[in-house]
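Q: Encoded as structure tokens, here's the structure I'll be asking about.
The values are calculated or read from the model by the stated rules, or taken from the named source; none is laboratory data. Predicted model, so just to flag it, every value in this text is computed and none were measured. Cβ sites come from the backbone with ideal geometry, for glycine too, and all protein chains shown count toward neighbours. Areas reflect the complete protein model, heavy atoms only, side chains present, ligands, DNA and RNA absent. Shrake-Rupley method; radii C 1.70, N 1.55, O 1.52, S 1.80 Å.
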Amino acid sequence: QAQFVESGGGLVQPGGSLRLSCAASERYAVGWFRQAPGKEREFVAAINWSGLSMYYADSVKGRFTIARDNDRDTVYTVYLQMDKLKPEDTAVYYCNAIDLNRGWESFRFDSWGQGTRVTVSS
């Protein structure tokens, strides 16, 4: 059973930054998704297993950066550095494995973690 644990959310002013972390139990290709109040979950960014290929939603290009740390033996961590945050980035952020056979914006597992809440407000 795949496990993903998200952390790093919080309250930040517009224009500010946050770094989210996703701890994965396996060395998957990983994507970040978000769900704003009253809206459907949407894709944000993804990175392949090696960390050499990344893909971003148009809404976050140039502001968010995804990266990963594969050096640990038992936990593989994927980061989402979020800069120049906007109020419309407010959402609960989740991570999941990506099924690259179905495309960068797909997710692999139907079960999701608890996510981490990001609120961008002055």
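Q: Does Gly51 fit the bill of being at positive phi and part of a loop (DSSP other than H, G, I, E, B)?
A: Answer is yes for this residue.
Q: Conditions first: (1) touching a residue at least 40 places away in the same chain (Cβ under 8 Å); (2) within 17 Å of Ser121 (Cβ to Cβ). Gly38 passes all but one, so which condition is the exception?
A: Single failed check for Gly38: (1).
Q: Now for a separate question. Could you go through the stretch 71-85 and let me know if any residue there is open to solvent by 20 Å² or more (accessible area, probe 1.4 Å), touching a residue at least 60 places away in the same chain (Cβ under 8 Å) and polar (S, T, N, Q).
A: We begin by selecting, within the stretch 71-85, every residue open to solvent by 20 Å² or more (accessible area, probe 1.4 Å); these are 71-76, 79, 81, 83-84.
Retained after the next criterion (residues that are touching a residue at least 60 places away in the same chain (Cβ under 8 Å)): 79, 81, 83-84.
Going one step further and asking which of them are polar (S, T, N, Q), we end up with 81.
Scanning the stretch 71-85, I find at least one residue that is open to solvent by 20 Å² or more (accessible area, probe 1.4 Å), touching a residue at least 60 places away in the same chain (Cβ under 8 Å) and polar (S, T, N, Q), so the answer is yes.
Q: Looking at (1) modelled with pLDDT under 95; (2) open to solvent by 40 Å² or more (accessible area, probe 1.4 Å); (3) in a strand (DSSP E or B); (4) hydroxyl-bearing (Ser, Thr, Tyr), which one does Thr65 not meet, given that it meets all the others?
A: Status for Thr65: all satisfied but (1).
Q: Between residues in the stretch 56-67 that are under 19 Å from Ser106 (Cβ atoms) and among the polar types (S, T, N, Q) and residues that are assigned to a strand (DSSP E or B) and open to solvent by 20 Å² or more (accessible area, probe 1.4 Å), which pairs lie under 9 Å by C-beta distance while being six or more apart or on different chains?
A: Close Cβ pairs satisfying both conditions: Ser59/Glu42.
Q: Does Phe33 count as in contact with a Lys or Arg (Cβ under 6 Å, 6 or more places away or on another chain), part of a strand (DSSP E or B), among the aromatic types (Phe, Trp, Tyr) and under 24 Å from Ser121 (Cβ atoms)? First the steps, then the outcome.
A: On the way: in contact with a Lys or Arg (Cβ under 6 Å, 6 or more places away or on another chain): yes; part of a strand (DSSP E or B): yes; among the aromatic types (Phe, Trp, Tyr): yes; under 24 Å from Ser121 (Cβ atoms): yes.
Against the criterion (in contact with a Lys or Arg (Cβ under 6 Å, 6 or more places away or on another chain), part of a strand (DSSP E or B), among the aromatic types (Phe, Trp, Tyr) and under 24 Å from Ser121 (Cβ atoms)), Phe33 qualifies.
Q: What are the residues in the stretch 87-118 that are among the acidic types (Asp, Glu), in a loop (DSSP other than H, G, I, E, B), open to solvent by 60 Å² or more (accessible area, probe 1.4 Å) and under 23 Å from Asp58 (Cβ atoms), if any? Before you say what the answer is, go through the steps one by one.
A: Taking the stretch 87-118 as the starting set, the residues that turn out to be among the acidic types (Asp, Glu) are 88-89, 99, 105, 110.
If we keep only those that are in a loop (DSSP other than H, G, I, E, B) as well, we get 99, 105, 110.
Then drop every residue that is not open to solvent by 60 Å² or more (accessible area, probe 1.4 Å), which leaves 105, 110.
Scanning the stretch 87-118 gives a single hit, Glu105.
Q: Consider Leu20 carefully, then state whether it is in a strand (DSSP E or B) and exposed (fewer than 14 other Cβ atoms within 10 Å of the Cβ). Walk me through how you get there before you give the answer.
A: On the way: in a strand (DSSP E or B): yes; exposed (fewer than 14 other Cβ atoms within 10 Å of the Cβ): no.
Here the answer is no, as Leu20 does not meet what is asked.
Q: Anything in the stretch 82-119 that is of a type in the set (A, V, I, L, M, F, W, C) and under 15 Å from the mean Cα position of the chain (by Cα)? List them, or say none. Before the answer, list the steps.
A: Initial filter on the stretch 82-119 (of a type in the set (A, V, I, L, M, F, W, C)): 82, 85, 91-92, 95, 97-98, 100, 104, 107, 109, 112, 118.
Correct list: Met82, Leu85, Ala91, Val92, Cys95, Ala97, Ile98, Trp104, Phe107, Phe109, Trp112, Val118.
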